[in-house]
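A short write-up of the structure that comes next.
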Amino acid sequence: MYEVEVKVPADHAAVRERLAELGAEPVDAVVQRDTYYDAPHREFAETDEALRVREETSAAGDAETATAEDDSEDTAGVTTTELTYKGPLVEAESKTRREVETAVGDGEATREVLDALGFDPAATVRKDRERFALDGFTVTLDSVDGLGEFVEVETEVDAEESVESAREAAFGILRDLGLDPDEQVRTSYLGLLLADEDAGGE
């Protein structure tokens, strides 16, 4: 499975208006806490891979709404956990990667397994995320701690041969939303945060 994704910095208020005009359907609103791991047997920064444990908490319904500043997930709704492997970028025009993901029943046990095998937590990315469905794509409005507001347009394809057509369709969605594909950011949120930290230390 390949995740075809394009991402640009954008003002959410204007994008929400365009989503409504285009008839996009709201999917959900969540808070995500992504913990990325370093491997004991190779450097993910060099191989352009990633191993991530994602805890996702519903920010909708009767439960108290979670915020990215609130570490207490007990009162923020239902939390699910996923383990994800992301392979290297497969093209220069988008953030498309091979992705393998599975739900796990116990996030703490998963972290203990990774720790026992020598995988060390490297960094955590936290964000508020709103998702919309539009023309077969998921449009996501992300507010990322320490980085600001972004819009992602993504879909999944089974074969690498389908990546180009999916990417061009994603660019079309960006244009429909009043956004410029040329402003695409191919660096992950993790990479952007680490770059900011490095710059701050200089």
Selection status of Ser143, touching a residue at least 40 places away in the same chain (Cβ under 8 Å), more than 20 Å from the chain's Cα centre (by Cα) and more than 20 Å from Glu82 (Cβ to Cβ): no
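Conditions (1) charged (D, E, K, R); (2) at positive phi; (3) assigned to a strand (DSSP E or B), marked per residue:
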site	(1), (2), (3)
Val6	no, no, yes
Ala14	no, no, no
Glu17	yes, no, no
Ala29	no, no, yes
Arg33	yes, no, yes
Ala45	no, no, no
Arg52	yes, no, yes
Filtered residues of segment 1-19 (kept if surrounded by fewer than 18 Cβ atoms within 10 Å (Cβ to Cβ), of a type outside the set (Asp, Glu) and either within 20 Å of Glu156 (Cβ to Cβ) or touching a residue at least 12 places away in the same chain (Cβ under 8 Å) (or both)): Met1, Pro9, His12, Ala14, Arg16, Arg18
Residue match in segment 111-123 (condition: part of a strand (DSSP E or B) and within 22 Å of Pro9 (Cα to Cα)): yes
Hits in segment 104-127 (condition: surrounded by 15 or more Cβ atoms within 10 Å (Cβ to Cβ) and hydrophobic (A, V, I, L, M, F, W, C)): Val104, Leu114, Phe119, Ala122, Ala123, Val125
Complete set of residues in segment 76-103 that are without any contact (Cβ under 8 Å) to a residue 40 or more places away in the chain, surrounded by 15 or more Cβ atoms within 10 Å (Cβ to Cβ) and of a type in the set (A, V, I, L, M, F, W, C): Leu83
Segment 171-197, subset hydroxyl-bearing (Ser, Thr, Tyr) and in a loop (DSSP other than H, G, I, E, B), residue farthest from the chain's Cα centre (by Cα): Thr187
Qualifying position, being surrounded by fewer than 16 Cβ atoms within 10 Å (Cβ to Cβ) and either among the hydrophobic types (A, V, I, L, M, F, W, C) or assigned to a strand (DSSP E or B) (or both), among Glu156, Glu168, Glu130, Glu161: Glu156
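A short reminder: the numbers here are calculations on the coordinates, not readings from a lab. Keep in mind that what you see is a predicted model, and the values were worked out from it rather than measured. When we count neighbours, we look across all protein chains shown, and the Cβ atoms used for this are built from the backbone with ideal geometry, even at glycine.
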